[in-house]
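To keep things clear, I will list the structure first and then write my remarks on it.
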Amino acid sequence: MKNSIALFNFSKKINYKNELLAGLTVAMTMIPESLSFAILAGLSPLTGLYAAFMMGLVTAVFGGRPGMVSGGAGATIVVLIALIKSHGLDYLFATVILAGILQALVGIFKWGKFVRLIPQPVMYGFLNGLAVIIFMAQVEQFKITGTNGVAGWLQGTPLYIMSGLVALTIAIVYFFPKITKAVPASLIAIVMVFALVSGFGIQTKTVADIASISGSLPDFHIPGIPFSLETLQIIFPYALIMAGVGLIESLLTLSMVDEITNSKGNANKESVAQGLANIANGFFGGMGGCAMVAQTLVNLNAGSRVRLSGIIASITILIIILVGAPFIEKIPMAALVGVMMMVAISTFQWVSISIINKMPKSDIFVGMTVALVTIVLHNLALAVLVGVVISALVFAWDNAKRIRARKYTDDKGIKYYEIFGPLFFGSVTAFTDKFDPVNDPEQTVIDFKESRIVDMSAIDALDKLSKRYAQYNKQLHLKHLSEDCRKMLKNAQAVIEVNIQEDPTYKVMPEK
């Protein structure tokens, strides 16, 4: 156990057996997924495999999160299908390059840290929705395309064989770790089901039924597109969406691995690595991609904690493309389906169900909304964005209700309003309603010792309030403002009375 603890670099002890076996297992599960996404987009199967190889290798070497696996993901290629159909492959590759540049810039300018703004309920919803998507994608493997090109469900003996082999795979993955954890259960399941099918000559769906995976080394190729403003106008919107989707999924995966391994990755470094990997894809004929949650979980469950397994997985995929295709194409799809179904089950955040009666109703709503958007639209980036927006609005509403004022008049006849809670766009109406310029004395003080002026809406509210007091020839003083608040209030028409010694200073700690 000591050898399999989370590791960040090769200077520490590495469990080479775990890394090797994890890499082989990841490669086996990544191949059918990359093929499926490439075919879905109308691309050559090799375009998906090249993406799996290049994304996996570059991010494993340069990424900010050991243990993460990247490849040709459906989340990124789906947004490019319309471009592929309207403009062709070269525009696809150019878009992938531009998306990579945008992702690298996010890392260079250290914007990756904003993934921390994603609340826990959004993470729960994201992972639960993703688990359902992974599971339903495996159910699709129970279909077969007939001679007329129409896909239909397996029936009769082929259905029973497929179901039985999937059930056997799931049983092996579940029970084998109770015997030993020396070898990844997923790899054992794939090998045992393959041996069973080969030994008894069982006729069932194999990887070859998806596509042939034999090929050569990827060639360097500069996209044959006009280098013009018109071309940029075509590809930039797609590149921007792809870059955003890829980074959101990758950085969410990074956060997930952080929680599983109780360690911390580098979001900015991962952003740069994702960008470099997509740039390489564009120049070497890959469809691009991002982090793959399912394969990352397979990797972690197999005992990997360093970069080596990701490198092994990528090299394995390349070797399979070059020489191993005839063997890999014989692997039963049932084995891979069973492995991925277990991944879906482990991806689902069951704890979110057990604590649902203890969570605020707003968090429950956010989590369920994110999960539904993820499942219905298959758009992970949009789901996360919706969740963050809803969470932000709920937070703003809760804080808007918390603003309070304690009023009293001192022996000199000066009236004080001690404000509690932040003053921002959501609370300005409630804040303004607490004042009575008509009946207040000539001298009124607003004490911000327990409050904070947050935004321009707050400044505008204070400006208007001071003018209302001025209409009655009364003076409004603002007291105990922090230095950053005073800077924001330079244009406010009020007399600002500040106690420097007592003023709090609000600063943001820079990221190291």
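A few remarks follow.
- Efficiency of FRET between ALA151 and PHE200 - r from beta-carbon atoms, R0 22 angstrom, step 0.05: 0.20
- By the Stokes-Einstein formula, at 1.306 mPa s and 10 °C, the stretch 101-158 with its Kirkwood radius over alpha-carbon pairs has D equal to 103 µm²/s.
- Value in Å of the Kirkwood radius, where the stretch 67-109 supplies the Cα pairs that are averaged: 11.7
- Calculated from the alpha-carbon coordinates, the chain shows an Rg and a Dmax of 28.6, 99 Å respectively.
- Computed E for MET136/THR432 - FRET, C-beta separation, R0 60 angstrom, nearest 0.05: 0.70
- In order through the stretch 63-77: 3J(HN,Hα) via Karplus (6.51 cos²θ - 1.76 cosθ + 1.60), integer Hz, x for Gly, Pro: x, x, 8, x, x, 6, 10, 10, x, x, 8, x, 4, 8, 6
- Which listed pairs, of LYS143/LYS330; LYS178/LYS361; LYS434/LYS479; LYS17/LYS330, have C-alpha distances above 29 Å, in listed order: LYS178/LYS361
- Euclidean distance between Cα centres, the stretch 310-362 to the stretch 208-285, Å: 20
- Added length on full extension, which subtracts the Cα-Cα distance from 0.36 nm per residue, LYS407 to TYR160: 81.3 nm
- Protection-proxy order for peptides 242-250, 216-224, each taking the mean of Cβ atoms within 10 Å per residue, highest first: 242-250, 216-224
- Rounded to the nearest angstrom and listed largest first, the equivalent-ellipsoid semi-axes of the stretch 364-438 from its Cα gyration tensor are 43, 9, 7.
- Modelled spin labels at MET192 and ALA392, positioned 7 Å past Cα toward Cβ, are 5.0 nm from each other.
- Nearby aspartates and glutamates by direct alpha-carbon distance to LYS269 (threshold 17 angstrom, same-chain neighbours under 8 apart not counted): GLU249, ASP258, GLU511
- Mean silhouette area of the stretch 261-301, derived from the convex hull of its C-alpha atoms and averaged over all directions, reads 3.5 nm².
- Straight-line reach from LYS13: taking Cα to Cα under 20 Å and skipping same-chain neighbours fewer than 8 places apart, the lysines in range are LYS2, LYS181, LYS264.
- Shape annotation for the stretch 262-334: C-alpha extents along the principal axes are 40, 33, 21 Å, from largest to smallest.
- Label-point separation, LEU232 to ALA82 (7 Å along Cα→Cβ), nm: 2.2
- The fraction of accessible area contributed by carbon and sulfur in the chain is 64 percent, rounded to a whole number (1.4 Å probe; ligands and nucleic acids excluded).
- Of the DSSP H helices in the chain, those whose Cα atoms cover at least 15 Å axially and whose Kyte score averages 1.0 or more: 45-62, 89-108, 120-139, 156-179, 185-200, 229-261, 308-319, 333-347, 361-377, 380-401
- Debye log10 I(q)/I(0) for the stretch 157-287, one point scatterer per Cα, at q = 0.17 Å⁻¹: -1.06
- Accessible surface calculations at 1.4 Å, restricted to protein heavy atoms, place the chain at 48 Å² per residue.
- For the chain, share of DSSP beta bridges that run antiparallel, in % to the nearest 5: 45
- The calculated FRET efficiency for LYS178 paired with ASP460, based on their beta-carbon distance and R0 = 56 Å, is about 0.30.
The values are calculated or read from the model by the stated rules, or taken from the named source; none is laboratory data. Please read these numbers as outputs of a predicted model, since none were measured by experiment. Note: ideal-geometry Cβ built from the backbone for every residue, glycine included; neighbour counts use all protein chains shown. Note: accessible area is taken over every heavy atom of the protein model, side chains too, but ligands, DNA and RNA are not part of it. Shrake-Rupley method; radii C 1.70, N 1.55, O 1.52, S 1.80 Å.
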